[in-house]
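**Student:** Before I ask anything, let me first share the structure, which is written out below as structure tokens.
The values are calculated or read from the model by the stated rules, or taken from the named source; none is laboratory data. Everything numeric here is computed off the predicted structure, so don't read it as measured data. Cβ placement follows ideal geometry from the backbone for every residue including glycine, while neighbour counts extend to all protein chains displayed. Keep in mind that these areas ignore ligands, DNA and RNA; they rest on the heavy atoms of the full protein, side chains included. Shrake-Rupley method; radii C 1.70, N 1.55, O 1.52, S 1.80 Å.
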Amino acid sequence: MEIKEFDVFVIGSGIAGQTVAESCAKNGYKVAIADKRVFGGTCANRGCDPKKVILGFTEVLKKSLDLHGKGVQVLPQLDWRDIMKFKCEFTDAIPPGTEDKLTKLDITLYHQSPKFIDSNTLSVEGKTVKAKKIVIATGLTPRPLNIKGDALTLLSDDFLTLEKLPKSIIFIGAGYIGMEFAHMAARLGVEVTVIESGKRPLSIFDQDMVAYIIKASEAIGIKFIFNAKVTAIEALRKNKRVYFSVEDKKENVKAEMVFNTTGRIPSLNDLELQKGNVTYSEKGILVNEYLQNEGNTAVYACGDVADSALPLTPFSSREGKIVAHNLHKGNEKKATFSTIPSVAFTLPHIASVGLSEAAAQEQFKDLKINTEDGSGFYNAKRVNEKIYAYKIIIDNATQTIVGAHLVGPEAGEVINLFAMALYNQMTVSEIKDMIFTYPSWSGDIQYMF
């Protein structure tokens, strides 16, 4: 049997994998790329991008409701089927477009997950291939519940392809995905219950800002069950019943659909990494500062599957560029990211950058913490927004911002300005000396000090 040989073999066709494959091909390498799902990755096909399409419609509905009776007389009627058709205008073109782009660069495409045979050899589509370098960019996969009846749950992929919305949904897990979809579903008329094992949703964000999100969520009818351990799921005639316990008290709740939104784990199961001497942990492929695997130096990893950074799309692109550079030039470029903004697209948004209040107090001796309910600000009042708040953490010694935490309609945008300020170590006075457009959400920054 003929064994095909490549300079670089990329596993995964999301933004990280594409970035590596394209760069290597343009630099004259013989490249192959493989994916067991449609080409283009999670974000473009079944994640961030289609999610934001749906969000756009619920934003229109929220703004109309907030101003109902204050100039808006007739509320918009949203049609789920039409929303899905519009979403498909974006997603349907991704797989063929990605394949066409890669093929034009003379990259060989495989439509299956490879398995390692040894350190430089893979089995894919019944063929044996060898590669001088192998890049793993397989992303994340939903975390299994591992309980009786877990096969009855749906996943985020399924939410984005529903033909029609049910009357009721239970989301198990209140992280980014669970909370964003809970808000979308509730605003579209679905009765929503969120079951969370922790004491609050969105645990990565500042707890004071999260309190505002809980308030906003409950205002649109979302019911929360916290500190809950889900034990089983049962199929009824029309609904699904979820059994759980809170402080050893057994309870249950039912809904038409149940979604597992407990989080995602590295997608590694298909690869047979042990045969390739590839070291990994529960957090992903183990890599050094150059994103090179510790066990098999012919292997690099980038994007969400690497045990290196947060599972965010901008990281995937950046890490793909770093891996591509190090494949071309040798290990020159390190994966160091100092400023990492994050946002959950609930309505309103919740966003943060820099240190949490607790982490800042451990690291700095003298802090100033500016926190306020901003619903009295003009921008909030002009759109009748009741949820708007901030917490800005300042190191008094240097007068620089070390953390910013926001809740508000445009927090996902405004947080980027705080990220720029942190990255450039701007002082409070330097920020206040800047001229912002008025009245704009970004312009509110000058009133937060």
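**Student:** Scan (1) open to solvent by less than 20 Å² (accessible area, probe 1.4 Å); (2) in a loop (DSSP other than H, G, I, E, B) for the single condition Phe337 breaks and write down its number.
**Tutor:** Unmet for Phe337, out of (1) open to solvent by less than 20 Å² (accessible area, probe 1.4 Å); (2) in a loop (DSSP other than H, G, I, E, B): (1).
**Student:** I've got another one for you. Among the residues of the stretch 73-111 satisfying the criterion of being under 30 Å from Asn27 (Cβ atoms) and outside any helix (DSSP H, G or I), which is farthest from the chain's Cα centre (by Cα)? If you could, list the steps in order and put the result at the bottom.
**Tutor:** Residues of the stretch 73-111 under 30 Å from Asn27 (Cβ atoms): 93-111.
Going one step further and asking which of them are outside any helix (DSSP H, G or I), we end up with 93, 105-111.
Details: Ala93: 22, Leu105: 29, Asp106: 31, Ile107: 28, Thr108: 29, Leu109: 27, Tyr110: 26, His111: 25 Å.
Of everything passing the filter in the stretch 73-111, Asp106 is farthest from the chain's Cα centre (by Cα).
**Student:** Give the residue that is surrounded by the most Cβ atoms within 10 Å (Cβ to Cβ), with candidates limited to residues of the stretch 137-158 that are small (Gly, Ala, Ser) and closer than 30 Å to Glu22 by Cα.
**Tutor:** Let us first name the residues in the stretch 137-158 that are small (Gly, Ala, Ser), namely 137, 139, 149, 151, 156.
So of that shortlist, the ones also closer than 30 Å to Glu22 by Cα come out as 137, 139, 156.
Details: Ala137: 32, Gly139: 26, Ser156: 22.
Top of the filtered list is Ala137.
**Student:** Still on this model: Take the residues of the stretch 290-300 that are out of contact with any helix residue (DSSP H, G or I) (no Cβ under 8 Å at 6 or more places or on another chain) and either under 15 Å from Ala137 (Cβ atoms) or modelled with pLDDT of 95 or more (or both): which is surrounded by the most Cβ atoms within 10 Å (Cβ to Cβ)?
**Tutor:** Initially, the stretch 290-300 is screened for residues out of contact with any helix residue (DSSP H, G or I) (no Cβ under 8 Å at 6 or more places or on another chain), giving 293-295, 297-298.
Checking which are either under 15 Å from Ala137 (Cβ atoms) or modelled with pLDDT of 95 or more (or both) leaves us with 293, 295, 297-298.
Numbers: Asn293: 24, Gly295: 15, Thr297: 14, Ala298: 17.
In this case the residue turns out to be Asn293.
**Student:** Which one of these is of a type outside the set (A, V, I, L, M) and out of contact with any strand residue (DSSP E or B) (no Cβ under 7 Å at 6 or more places or on another chain): Phe345, Phe418?
**Tutor:** Unique residue meeting the criteria: Phe345.
**Student:** In addition: Out of (1) under 27 Å from Asp366 (Cβ atoms); (2) in a loop (DSSP other than H, G, I, E, B), the odd one out for Ala421 is which?
**Tutor:** Of (1) under 27 Å from Asp366 (Cβ atoms); (2) in a loop (DSSP other than H, G, I, E, B), only one is false for Ala421: (2).
**Student:** Which ones in the stretch 340-380 are over 16 Å from Thr400 (Cα atoms), open to solvent by less than 40 Å² (accessible area, probe 1.4 Å) and of a type in the set (Val, Ile, Thr)?
**Tutor:** Val343, Thr346, Ile350
**Student:** Additional query: In the stretch 211-240, which residue that is over 23 Å from Thr371 (Cβ atoms), of a type in the set (A, V, I, L, M, F, W, C) and exposed (fewer than 13 other Cβ atoms within 10 Å of the Cβ) is nearest to the chain's Cα centre (by Cα)?
**Tutor:** Ala235
**Student:** Quick test of your reading of the structure: Asn45 fulfils all but one of (1) farther than 26 Å from Leu162 by Cβ; (2) out of contact with any Asp or Glu (no Cβ under 6 Å at 6 or more places or on another chain). Name the failing condition by number.
**Tutor:** (1)
**Student:** Quick check on this structure: which one of Lys70, Lys36 is in contact (Cβ under 8 Å) with a residue 12 or more places away in the chain, of a type in the set (Lys, Arg), outside any helix (DSSP H, G or I) and touching a His at 6+ places or on another chain (Cβ under 8 Å)? So that I can check it myself, show each step before the final result.
**Tutor:** Values: Lys70 fails: touching a His at 6+ places or on another chain (Cβ under 8 Å).
After applying the criteria, what remains is Lys36.
**Student:** Let me ask something else. Of all the residues that make up the stretch 241-266, how many are surrounded by 15 or more Cβ atoms within 10 Å (Cβ to Cβ) and closer than 30 Å to Tyr390 by Cα?
**Tutor:** First, the residues of the stretch 241-266 that are surrounded by 15 or more Cβ atoms within 10 Å (Cβ to Cβ): 241-244, 253-262, 264-266.
Of the ones still in play, those that are also closer than 30 Å to Tyr390 by Cα are 261-262, 264.
Residues in the stretch 241-266 being surrounded by 15 or more Cβ atoms within 10 Å (Cβ to Cβ) and closer than 30 Å to Tyr390 by Cα: 3 in total.
**Student:** Taking Thr161 as the residue in question, decide whether it is among the β-branched types (Val, Ile, Thr), in a loop (DSSP other than H, G, I, E, B) and surrounded by fewer than 15 Cβ atoms within 10 Å (Cβ to Cβ). Spell out the reasoning first.
**Tutor:** Working: among the β-branched types (Val, Ile, Thr): yes; in a loop (DSSP other than H, G, I, E, B): yes; surrounded by fewer than 15 Cβ atoms within 10 Å (Cβ to Cβ): yes.
For Thr161, the condition - among the β-branched types (Val, Ile, Thr), in a loop (DSSP other than H, G, I, E, B) and surrounded by fewer than 15 Cβ atoms within 10 Å (Cβ to Cβ) - is met.
**Student:** Return only the number of the condition from (1) farther than 25 Å from Leu55 by Cα; (2) at pLDDT below 95 that Gln361 does not satisfy.
**Tutor:** (2)
**Student:** Got a number for residues in the stretch 393-413 being surrounded by fewer than 23 Cβ atoms within 10 Å (Cβ to Cβ) and either in contact with a His (Cβ under 9 Å, 6 or more places away or on another chain) or assigned to a loop (DSSP other than H, G, I, E, B) (or both)?
**Tutor:** 8
**Student:** Applying the selection to the stretch 269-288, what residues are crowded, with 20+ Cβ neighbours inside 10 Å and either part of a loop (DSSP other than H, G, I, E, B) or modelled with pLDDT under 95 (or both)?
**Tutor:** Restricting attention to the stretch 269-288, the residues satisfying the condition of being crowded, with 20+ Cβ neighbours inside 10 Å are 271, 273, 276, 278, 280, 284-285, 287.
Leu271, Val278 - these are the residues of the stretch 269-288 that are crowded, with 20+ Cβ neighbours inside 10 Å and either part of a loop (DSSP other than H, G, I, E, B) or modelled with pLDDT under 95 (or both).
**Student:** Please enumerate the residues belonging to the stretch 377-428 that are closer than 30 Å to Gly71 by Cα and among the polar types (S, T, N, Q).
**Tutor:** Asn379, Asn384
**Student:** For the stretch 45-60, state whether one or more residues are surrounded by 21 or more Cβ atoms within 10 Å (Cβ to Cβ) and part of a strand (DSSP E or B).
**Tutor:** Looking for residues that are surrounded by 21 or more Cβ atoms within 10 Å (Cβ to Cβ) and part of a strand (DSSP E or B), one finds none in the stretch 45-60, hence no.
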